[in-house]
Amino acid sequence: MIKLDTIIAVKDIEKSSQWYEQVFNFKNLHGGNHFAILTTENKDIVLCLHPWEQDDHPTMRNQEISRGNGIILYFKTDKMEEIRENAGKVDAKIDEDIHLNPNPNKREFSMWDPDGYYIIVTEYHEYEG
């Protein structure tokens with residue numbers, strides 16, 4: 001078995017964790033200010049948060065570099081409208097509001113998290129052929 005646990009570098013673990021908890025209704029299994037493990041209600045790990053410039057990880061040494069360059073956090077969900085409403089409640093920076101993406105033929109919207117990571121939230125779908 002292989003499972004990917006994506007870890008992103010953030011300025012403030014508590015602030016970023018709270019943002020993801022409020023927008024996506026995730027729970028933080030880890031707590032503290034050194035690491036956050038964000039999970040769904042089924043306890044599936046979705047995203048981990050790590051502070052910049054700790055533990056000497058090569059891609060997290062310098063917080064002055066462009067964050068998230070080449071990364072899209074792509075969330076497939078059956079709760080897109082609820083997430084969009086929650087994003088409005090925390091004044092998330094919306095890039096594109098809900099619209100139909102002609103490539104997967106699914107509705108989606110995009111926004112930026114507090115640390116500058118680009119997020120797309122789309123209707124849940126399986127990838128086809």
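The values are calculated or read from the model by the stated rules, or taken from the named source; none is laboratory data. Please read these numbers as outputs of a predicted model, since none were measured by experiment. Positions of Cβ are backbone-derived with ideal geometry, glycine not excepted, and every protein chain shown enters the neighbour counts.
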Would you be able to say whether some residue in the range 106-127 is at pLDDT below 95, farther than 28 Å from Asn33 by Cα and out of contact with any strand residue (DSSP E or B) (no Cβ under 7 Å at 6 or more places or on another chain)? yes
Six or more apart or on different chains, Cβ atoms under 9 Å: show the pairs whose first residue is in the range 93-118 and more than 17 Å from Asp12 (Cβ to Cβ) and surrounded by 15 or more Cβ atoms within 10 Å (Cβ to Cβ) and whose second is at pLDDT below 95 and among the β-branched types (Val, Ile, Thr). Ser110/Ile72; Tyr118/Ile71; Tyr118/Ile72
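Yes/no per residue for (1) farther than 21 Å from Gly88 by Cβ; (2) surrounded by 13 or more Cβ atoms within 10 Å (Cβ to Cβ):
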| residue | (1), (2) |
| --- | --- |
| Glu14 | yes, yes |
| Ser17 | no, yes |
| Asn28 | yes, yes |
| Gly32 | yes, no |
| Phe35 | yes, yes |
| Thr39 | yes, yes |
Which of the strands (runs of 3 or more DSSP E) contained wholly in the range 24-129 include at least 1 residues that are closer than 24 Å to Ile2 by Cα? 36-39, 45-51, 72-77, 118-123
